[in-house]
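The values are calculated or read from the model by the stated rules, or taken from the named source; none is laboratory data. Just so it is clear, the model here is predicted, and its values are computed rather than measured. All Cβ positions, even for glycine, are placed from backbone atoms using ideal geometry, and neighbour counts span all protein chains on display. Areas reflect the complete protein model, heavy atoms only, side chains present, ligands, DNA and RNA absent. Shrake-Rupley method; radii C 1.70, N 1.55, O 1.52, S 1.80 Å.
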Amino acid sequence: MTTSPPRILPAGYTLLRPRHGSFLLHRRAAATALSLTLLLSAVCITYLSVGESFVPPGDVVKVLLGQPSPHDLVVGTLRLPRMTVGLLVGLAFGVAGALIQTVARNPLASPDIIGISQGASAVTVAALTFGVTSYTVLPYLSVLGGMTAAALVYVFAWRGGLHATRFVLIGIGFAIALRSVTTLLMTKGDYLVAQQAQIWMTGSLNGRGWDVAIPLAWTVLALLPAVLWAARAQRTVSLDDDTATALGVRLGRTRLGLVALGVILASVATGAAGPVDFVALLAPQIARRMTGTAQIPLLSSALTGAVIVVLADLLARTLLSPTELPVGVLTAAVGAPYLIWLIMHSRSGGKP
C-alpha cells in the first residue's frame, strides 16, 4: 500500500477539506476579511446611533431585528435607507476598483481616474439638464455613460494588447474631456438644475431612500455570480502574458469581462450616489496592504470600500451639524493626498 506524499502548501495558506473537494485559504486574508466585517458592523451601528438625536445601540439593534421601538422613525425611516445606499455604493466601488486595477496592473487605474465616473457623470448631468430627475432612472443612464466611456478608453488603448501605462494615460485624457463636457452642460442648463447637478457631481447621499437602495441591492445581488467568477479569473490575469497563454487562458476575453464588470459596478454606484471620488482608488490598495496577498482581494476591497463610504457619510452628517456635507468632500480630502503620494512613490522607483 502506497501513500501519497504530503502536499507542500505555499507560505501563509491552509488547506481546507470540506465534503465536496478542497481549497486553499490564505490565513491573513481571512483574518483581514473577518476584522473588516466586524469594523463595518461597528461603523454601521454607530452611524444609526449618532445624529441630531442619539439612539442607544441597543435600540438600534431592536429596530434592525424588527422589534417595537420608539426610535423606528429615526433609525428605520431616516437613517437606515441612507446608510444602506452608502454601504452598497462602497461595496460596488471597492470591487470595481480592484478589478480595474488588476487588469491595468496599475494602482492609479480606478473609475474616477480613467474616465468611467466622468462618462457616467456626463450622461447623468445631461439627463438632469433635460429634466430627468428620477433616482430610479439615473443609475441606468449612468451605466450607459460609464460603459460608453470605458469602451472608448479600451478601444483607443488597445494596440495588439492592453498596455497598462497607455490604458491609464488615455483614460486620464478622456476623463478631462468628459469633465469639460459636463461643465458645458451645466452652463447651458437652468440655474436650479445646474446647482442640483453640482451637488450630485460632488457625491452625496443626502435624500437617498429605499427607492434608491432597493434597486441598487438587487443589482448588486444579480452581479454576485459574476463577482465570484471574477475572483477566480483575476488569478490568471495577474500572471504574465506568456504564462497565462501557456495555461490556455484567453486573456483578451478575460480582461474584457473583468473590465466590463468593474465598469457596471462603478457606473451603478455613481448613478446612486454621484461620483464619490477616490473610494475605488483607496479601497483596493488598503485591502492589498492589509492582506499581504499577491493579487488584490475582492472581498476585503469591497468591505474596505463600504467602511470608507459609511464612515465618511457619518462624518459628513455630524461634523458641521445641522449642515450636511456631501460625502465626496470627505473622501476627496483623504484620497487626493494619497493620490499625490502614490504618484510620487511610483516616480521614485518604489513599488506602489
Which of the residues that make up segment 104-125 are open to solvent by 10 Å² or more (accessible area, probe 1.4 Å) and at pLDDT below 85? R105, N106, P107, L108, D112, I113
Residue pairs, Cβ under 9 Å, 6 or more apart or interchain, first in segment 60-85 and without any contact (Cβ under 8 Å) to a residue 12 or more places away in the chain and loosely packed, with under 14 Cβ neighbours inside 10 Å, second not aliphatic (A, V, I, L, M) and not in a helix (DSSP H, G or I). List them. T77/G209
Scan segment 203-217 residue by residue and report those that are surrounded by fewer than 19 Cβ atoms within 10 Å (Cβ to Cβ) and within 16 Å of the chain's Cα centre (by Cα). A217
Cβ pairs under 9 Å, 6+ apart or interchain, first in segment 221-233 and closer than 12 Å to A302 by Cβ, second open to solvent by 100 Å² or more (accessible area, probe 1.4 Å), ordered by first then second residue, are A231/L299
Across segment 184-197, what is the total count of residues that are assigned to a helix (DSSP H, G or I) and either small (G, A, S) or surrounded by 15 or more Cβ atoms within 10 Å (Cβ to Cβ) (or both)? 6
With A96, A109 as the choices, which residue is touching a Phe, Trp or Tyr at 6+ places or on another chain (Cβ under 7 Å) and either among the basic types (K, R) or under 30 Å from A231 (Cβ atoms) (or both)? A109
Among what's in segment 46-59 and is assigned to a loop (DSSP other than H, G, I, E, B) and not aromatic (F, W, Y), pick the residue that is surrounded by the most Cβ atoms within 10 Å (Cβ to Cβ). V55
Can you confirm whether T323 is open to solvent by less than 30 Å² (accessible area, probe 1.4 Å) and over 19 Å from F93 (Cα atoms)? no
Taking segment 147-183 as the search range and keeping residues that are open to solvent by 80 Å² or more (accessible area, probe 1.4 Å) and within 20 Å of V329 (Cα to Cα), which one is modelled with the lowest pLDDT? R179
Please name all residue pairs, on different chains or six or more residues apart, with Cβ atoms under 8 Å, provided the first residue is in segment 287-303 and is closer than 19 Å to L223 by Cβ and the second residue is of a type in the set (V, I, T) and open to solvent by 50 Å² or more (accessible area, probe 1.4 Å). L303/T37
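Looking for something under 25 Å from G90 (Cα atoms), at pLDDT below 90 and open to solvent by 60 Å² or more (accessible area, probe 1.4 Å) - is there at least one such residue anywhere in segment 11-24? First the steps, then the outcome.
Here is the first cut: in segment 11-24, the ones under 25 Å from G90 (Cα atoms) are none.
Checking segment 11-24: not a single residue is under 25 Å from G90 (Cα atoms), at pLDDT below 90 and open to solvent by 60 Å² or more (accessible area, probe 1.4 Å).
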Spot the failing condition for A98; the list is (1) more than 20 Å from the chain's Cα centre (by Cα); (2) in a helix (DSSP H, G or I), and only one is missed. (1)
Pairs needed: first member in segment 322-333, on the phi > 0 side of the Ramachandran plot and of a type in the set (V, I, T); second member anywhere, modelled with pLDDT of 85 or more and assigned to a helix (DSSP H, G or I); C-beta distance under 7 Å; at least 6 residues apart or different chains. none
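S267: in contact (Cβ under 8 Å) with a residue 40 or more places away in the chain and open to solvent by 10 Å² or more (accessible area, probe 1.4 Å), yes or no? Outline the logic, then answer.
Working: in contact (Cβ under 8 Å) with a residue 40 or more places away in the chain: yes; open to solvent by 10 Å² or more (accessible area, probe 1.4 Å): no.
Criteria not met by S267.
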